[in-house]
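Structure record follows, encoded as structure tokens.
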Amino acid sequence: MFEWLKPKPITLTNGKVIHPKMSAAVYVVPIILVLTYFSIGLTRFKLGMLFTRGYQFFVIVSQMIPPNFAYFNSVVDPLIDTILMSVVGTLGGVVLALPAAYFSSEQMMQNPVIKFIFKSFMSVVRTFPILVLALLFRIIFGIGAFAGTIAILVFTFTIMTKMFYELIDTADMGPFEASLSSGTTRIQAFWVAIMPQLWGQFISLSLYNFEMNIRNAAILGYVGAGGIGIVLNERLGWRVYDDVGLILLVMMVTVYTIESTSRYIRMKLL
């Protein structure tokens, strides 16, 4: 039936005929098209709506320009809260991730039950988006930056643990085994033989998570978890778009500055 899709045989100079395999795209592309068709129906996606209502985006953006710089003083404290939430949450998550990555590593942890418990816990918690975590902790700890900080800490903890135990499993085990043969414990051997190989990547991953958390912290205010998101949600609700323009401008400058600094540090570590 699909003979016409099969690639033509290739005849080599020595007379040997090679029959190339059919490309996987022959099967994958139709499946993607079918899934796209049903997804459009289920989500009620309307391309025409983009043309009839999409221009409203530019109408709103035009009302943000120029930003209301007189509102800047009202943005400073929430911005500081956002940055501090990210700093504390990232540091806490990174510190907790180090031992958790050890207990999750195939190379380090010999007890399969402990590995299963840690990996299962990480897999379950990672399924919760950070906004859901922030909402749960807001119910537990109340409205404010503390709930957002704990949400960032847990989110960072799970992500860093997974990323780092995968790095541990790719490390050179020669120095580790040499340390064990000299009489050290597995934890001591891990610290003196594995970590020196991975410190640069560990710090790089920590900085990368910090960058993500700055963006995450900016939207946690939508669920009452503190930060600049509270102010942004309020001004959007009141449709004071020139104030919204200033908030977005301040966030863009902050994120760009932090990302540039983080990128410079990571380059120095590599």
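Count the lysine pairs in the chain that are 8 or more places apart or on different chains: how many have C-alpha atoms under 22 angstrom apart?
Lysine pairs satisfying the spacing and distance rule in the chain number 6.
Report the one residue of GLY227, GLY245, MET267 whose Cα lies farthest in the direction of the positive end of the charge dipole of the stretch 184-270 (charges on C-beta: Lys and Arg +1, Asp and Glu -1; origin at the Cα centre).
Looking along the dipole axis, the top candidate is MET267.
What residues from the stretch 104-122 fall in the zone where the backbone N is under 17 Å from a label point 7 Å along the Cα-to-C-beta line of ARG186?
Counting only backbone N, you get 104-120.
Among PHE72, TYR165, ILE139, whose Cα sits farthest toward the positive end of the charge dipole of the chain (+1 at Cβ of Lys/Arg, -1 at Cβ of Asp/Glu, about the Cα centre)?
TYR165
Could you point to the label whose value was computed as Cα extents along the principal axes in Å for the structure here, given [x] 61, 54, 29; [y] 73, 39, 28; [z] 77, 67, 37?
Correct label is [z].
On a C-alpha basis, how far is the centre of the stretch 21-59 from the centre of the stretch 183-256 in Å? Whole number, if you could?
32 Å
Taking a probe of 1.4 Å, how large is the accessible area per residue of the stretch 122-222, in Å²? Kindly include the intermediate steps, with their values, before the conclusion.
Values: 4680 Å² over 101 residues.
Ligands and nucleic acids excluded, the figure is 46 Å² per residue.
Subtracting the Cα-Cα distance from 0.36 nm times the residue separation, let me have the gained length for ASP172 to VAL124 in nm, one decimal. Can you show the working numbers first?
Working: separation 48, 0.36 × 48 = 17.28 nm, distance 2.97 nm.
Contour length minus Cα-Cα distance gives 14.3 nm.
Dividing the alpha-carbon radius of gyration of the stretch 34-82 by 2.2 N^0.38 Å (N being the number of residues), what value is obtained? All intermediate terms of the calculation are to be shown ahead of the outcome.
On the way: Rg = 19.0 Å, N = 49, 2.2 N^0.38 = 9.7 Å.
Expressed relative to 2.2 N^0.38 Å, the Cα Rg reads 1.97.
Picking from TYR102, ALA193, ILE150, whose Cα lies most toward the positive end of the charge dipole for the stretch 93-234 (charges on Cβ: Lys, Arg +1; Asp, Glu -1)?
Value computed over the given set: ILE150.
Give me D for the stretch 74-126 in µm² s⁻¹, whole number, from Stokes-Einstein with Rh from the Kirkwood sum over alpha-carbon pairs, 4 °C and 1.567 mPa s. Intermediate results must be reported in sequence, preceding the final value.
Working: Rh = 13.1 Å.
It diffuses with D of about 99 µm²/s by this estimate.
So what is the 222 nm mean residue ellipticity for the chain from helices alone, if each DSSP H run of at least 4 adds -39500 (n - 2.57) and you divide by all residues, rounding to the nearest 500 deg cm²/dmol? Walk me through the numbers before you get to the answer.
Numbers: 12 runs with 195 residues, N = 270.
Helix-only estimate at 222 nm: -24000 deg cm²/dmol.
Per q in 0.20, 0.23, 0.24 1/Å, what log10 I(q)/I(0) does a Debye calculation on the alpha-carbon atoms of the stretch 110-217 return?
With no solvent term, the Cα-only Debye profile gives -1.06, -1.21, -1.25.
Which value, in debye to the nearest 20, describes the size of the charge dipole of the stretch 152-261 about its Cα centre when Lys and Arg Cβ atoms bear +1, Asp and Glu Cβ atoms bear -1, and nothing else is charged?
On the way: 5 positive and 9 negative charges, 45 e Å.
Using only the charged Cβ atoms, the result is roughly 220 debye.
Probe radius 1.4 Å, ligands and nucleic acids ignored: give me the carbon and sulfur share of the accessible area of the stretch 78-140 as a rounded percent.
Numbers: 2610 of 3330 Å².
Using a 1.4 Å probe with all protein chains present, the stretch 78-140 comes out at 78 percent carbon and sulfur.
Could you calculate the contour length gain from ARG239 to ASN73, that is, 0.36 nm times the residue separation minus the distance between their Cα atoms, to one decimal place in nm? Can you show the working numbers first?
Values: separation 166, 0.36 × 166 = 59.76 nm, distance 1.91 nm.
Taking ARG239 through ASN73 to full extension adds about 57.8 nm, to one decimal.
With only Lys, Arg, Asp and Glu charged, each at its Cβ (+1 for the first two, -1 for the last two), find how big the charge dipole of the chain is about the Cα centre; round to the nearest 20 debye.
Numbers: 19 positive and 13 negative charges, 186 e Å.
So the magnitude is around 900 debye.
Take ILE32 and LEU50, extend 7 Å from each Cα along the Cα→Cβ direction, and tell me the distance between the two endpoints in nm.
1.6 nm
Along the stretch 160-169, what does the Karplus equation 6.51 cos²θ - 1.76 cosθ + 1.60 (θ = phi - 60°) give for ³J(HN,Hα), rounded to whole Hz, x for Gly and Pro?
Values per residue, Gly and Pro as x: 5, 4, 5, 5, 7, 5, 5, 5, 4, 5 Hz.
Under 25 °C and 0.890 mPa s, how fast does the stretch 69-166 diffuse according to Stokes-Einstein, given a Kirkwood radius computed over C-alpha pairs? Answer in µm²/s, whole number. Each step should come with its number before you reach the end.
Working: Rh = 14.6 Å.
For these conditions, the coefficient is 168 µm²/s.
The values are calculated or read from the model by the stated rules, or taken from the named source; none is laboratory data. Since this is a predicted model, take the numbers as computed values, not measurements. Neighbour counts run over all protein chains shown; Cβ positions are idealised from the backbone, glycine included. The area values use the complete protein model at the heavy-atom level, side chains included, leaving out ligands, DNA and RNA. Shrake-Rupley method; radii C 1.70, N 1.55, O 1.52, S 1.80 Å.
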